[in-house]
1. How long are the semi-axes of the equivalent ellipsoid of the protein assembly as shown, taking √(5λ) for every eigenvalue λ of the Cα gyration tensor, in whole Å from largest down?
2. If you wrap a convex hull around the Cα atoms of the stretch A:7-115, how much volume per residue is inside, in Å³?
3. Using alpha carbon centroids, what distance separates the stretch A:243-321 and the stretch B:63-83, in Å?
4. Ignore the peptide's own chain and count Cβ atoms of other chains within 10 Å of each Cβ in B:289-295; give me the average, rounded.
5. Counting only heavy atoms of protein chains, what accessible area per residue, in Å², does the protein assembly as shown have with a probe of 1.4 Å?
6. Rounded, prolate or oblate, given the Cα gyration tensor of the stretch B:62-101, with a/c below 1.5 counting as rounded?
7. Interface B/A, total buried accessible area with a 1.4 Å probe, nearest 100 Å²?
8. Size of the dipole of chain A about the Cα centre, Lys and Arg at +1 and Asp and Glu at -1 on the beta carbon, nothing else charged, in debye to 20?
Amino acid sequence: MNFEFSDDQLVMKEEVRKLFEKEDSVKRNRNILEGDENFDKDLWNKVVEMGLTAITIPEEHGGIGLGFLELCVVAEEMGRAIAPIPYSSSVYLATTAIINSSNDDVKKEYLPKLAAGEMIGTFAHSEELGTPTSDNAKTTFQNGKLSGEKIAVPDGDIANLFVVSAKSGDKVGLFLVDADSKGVEVSKAECFDGSRSYANISFKDADAEIIEDSSSEAIDKLLNQAAVLFAFEQVGGAEASMNMAKEYAMGRYAFGRQIGSFQAIKHKLADMYISLTLARSNCYFGAWALGNDAPELPVAAATARVSATKAFYECSKENIQTHGGMGATWEFDCHLFYRRARLLSANIGGQSLWKDKLVSSIERSNLPQ
Amino acid sequence: MDFNDTAEEAKFRKEASDWLSANAEKKEHSRDVYRPAEMTGEGGESSALQDAKDWMTKKYEAGWACLHWPKEYGGRDATAIERVIWAQEESKYKVPGGFHEIGQGMAGPTMMLYATEEQKKQYLPPMAKGQEIWCQLFSEPGAGSDLAGIKTKAELDGDTWTINGQKVWTSGAHYSDYAILVTRSDFNAPKHKGLTYFFLDMKSPGIEVRPIRQITGGANFNEVYFTDVKIPDSQRLGEVGDGWKVALTTLMNERLAVGDASGVDFQEIFELTKESDFNGENAISNGGVRERLADWYCEYAGLKYTKMRNISALSRGDTPGPDASITKIVSANKLQDIANFGMDLMDNASIIKSDDKDDIRALFQGSLLGAPLIRIAGGTDEILRNIIAEQVLGMPQDVRVDKTVPFNEIPSGSKN
Ligand SMILES: Cc1cc2nc3c(=O)[nH]c(=O)nc-3n(C[C@H](O)[C@H](O)[C@H](O)COP(=O)(O)OP(=O)(O)OC[C@H]3O[C@@H](n4cnc5c(N)ncnc54)[C@H](O)[C@@H]3O)c2cc1C
Ligand SMILES: Cc1cc2nc3c(=O)[nH]c(=O)nc-3n(C[C@H](O)[C@H](O)[C@H](O)COP(=O)(O)OP(=O)(O)OC[C@H]3O[C@@H](n4cnc5c(N)ncnc54)[C@H](O)[C@@H]3O)c2cc1C
């Protein structure tokens, strides 16, 4: 048994981590949060140069032709770096949706551009307050035209390519709309995590191509795949938050001692470590299921998602508390992780939704053996 | 990433499973566990004990006991991963167990490091063979978490030590043949410097074992009193005054020996929520119930895959992460919460006692009463959190007021 990433994958992870450290990604997150730009174009270009937008794209379509396992290790570093770029939207969601597609024309047309970072994609799914599921779409697709209102589309004002969920007959499928098409209107929305950009998008008879319209399962599969990748990102963020808390607790003295020598703080850190370890282990199984397109994917993805969401929330909130008054300041970085934790918990459906999905998947699969 | 054995591992697994299938009965499902023929209650685990001894001897004779020990001491010289594979295979069979952990898991490794060659040859093979049972005489009324605070006194006269004092919570003392023992040989030295460690025969004159009834109703642990018990100096492990160091060896192994808390787990609560009625529906259709199930599944799976990550570290020849403490904290608390929630779902029916081992109620009731014990034995939740913070995360030790002063000046025990 080998339940660990390969040496090559770990080397790749290290390279990505070094890039973000060198580029001071956390500082860049703050710049975007405080400034007027909607993402860090310079960092995005560096990520593209490193080939990170091309990882899962087959070589015939201009990609590197590696697998999801490589994407998992990159995702963890994205999370650790709270990178202010539209990576998850373009790579985990839009690119994966197109790779999954049986429409070769769409692949041929768009994958090379996504690989080269010339196009940035995203997934337009949510429509109202509440949880996006595969079958609640009100947006419709008919005769090559797509109409409807999508809200809180991640990086919606940045992307030039939208993967959109829409009803087609009695199925809910996935469709592709170019942001420049007629009938597409993008309005930027202020985001809770200002280091990332969101938009509401209205489609009125916009030209659309079919990614998958023969079954509603395409959306579920995409969300499960993305859930594993987001979970890795959450684990990266959780670990960074835990380490930040630890560093501070070791260097801060109160009552004549390092605050890290008080049990209340030590046990807080131990609990962070426990929830992080459980999440990481569940992510590894998610990575295995994702990489092998295994029948266990629905259970594995939901398990990874639920435990990583919990871990990032717990680590990022207790990191603030460990910093005392300093944690409450705008100036300290703690809140950047807390905001990102919230954003990542919401973006493909919240915790209650995924818990429910998890139990449904267990019921269907008769797990555990 | 894969779940496949290497060629060597597969060969070993086949050998193990061939032997097991020829010598034991396979479980039909996860709850189809070994049951002793005779349950005599009140600490009378006689038939289970004899069955466990006999199964160990059978394994020993075929070379399947204490796998990772050197052959000369009764082991197999197996690798760490082979030991894991054996455990995986053995867990598929209905076999008795639960009596040899302290000997083989804790006393054995300690003897391996500190006993003389002659002693190792004398005591370790019988320990592996399993007819001799060992117990751990560490905790005292005034010293549990704070093990170094023990007061059982050891005095040397010539070549013989005389022991006086009291131990408590000693699991299995009433059926044990030998024991490992920590004593205080110097009351004027600082607390950690005055300890001396021995092994001894439990039939030595002056030892009195008194069973203690637990909240489960059973009596598996005991008080053990020492009145002028004689131990030859040759049975000392480690130097005089160096007992703390030796005890740490035992404790590190204890953490490896304690595994998942046994009792109700995700599978049981999942089945129960499908069967039980909640406002006219199956409980599992209730949103609140589903949230709890999801949380427990995540813990259950998280522990399972953490273990797999450790196993693959072993398989690569790396040292596994120090995650055994996580397993006990998470699984014992999960056990308690699942048991409590399950009884809640069964409503009033849950509080009607059942002694029928096949009754689901007995399983939940037993788990609810057993879980608190697991959260204490082998290191309490708080002590394990300290260990994670200090040994895994490298945080400072608690500030101590008792480390440098002479032991006899330190307050200890309960003052109420
Ligand atoms: C919104 C806000 C308003 C405030 N208003 C005022 C005000 O009007 N006037 C004023 O004087 N101050 C004010 N404060 C300061 C506030 O009282 C301190 O921030 C607070 O007492 C914590 O101290 P600290 O920030 O130095 O953190 P620290 O004391 O360094 O604490 C850091 C962490 O260590 C923990 N810790 C510290 N000591 C121990 C211990 N002995 N045992 C266990 N854990 C410990 C803390 O719980 C915390 O988690 C305010 C703070 C905030 C956030
Ligand atoms: C079922 C069972 C079997 C056992 N078998 C054996 C055996 O075979 N041999 C043996 O020697 N012992 C055995 N023990 C004893 C066990 O190791 C001790 O009970 C345990 O270490 C706790 O010690 P204590 O009971 O003295 O509790 P205490 O140490 O008094 O602890 C009481 C409470 O205070 C907390 N506490 C104590 N110190 C600290 C601290 N520094 N920081 C924070 N909180 C603290 C504890 O976490 C606990 O909640 C067994 C216990 C049980 C329950």
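1. Calculated on Cα positions only, the semi-axes equal 55, 29, 24 Å.
2. 91 Å³
3. When both Cα centres are located, 36 Å separates them.
4. Partner-chain Cβ atoms within 10 Å, mean over residues of B:289-295: 6.
5. Per-residue accessible area for the protein assembly as shown comes out at 43 Å².
6. oblate
7. Separately minus together, B and A give about 4500 Å² buried.
8. Approximately 1380 debye in magnitude.
The values are calculated or read from the model by the stated rules, or taken from the named source; none is laboratory data. If you're wondering where the values come from, they're calculated on a predicted model, not measured in any experiment. Cβ: placed from backbone, ideal geometry, glycine included. Neighbour counts: every protein chain shown. Surface areas here come from the heavy atoms of the whole protein model, side chains and all, with no ligands, DNA or RNA. Shrake-Rupley method; radii C 1.70, N 1.55, O 1.52, S 1.80 Å.
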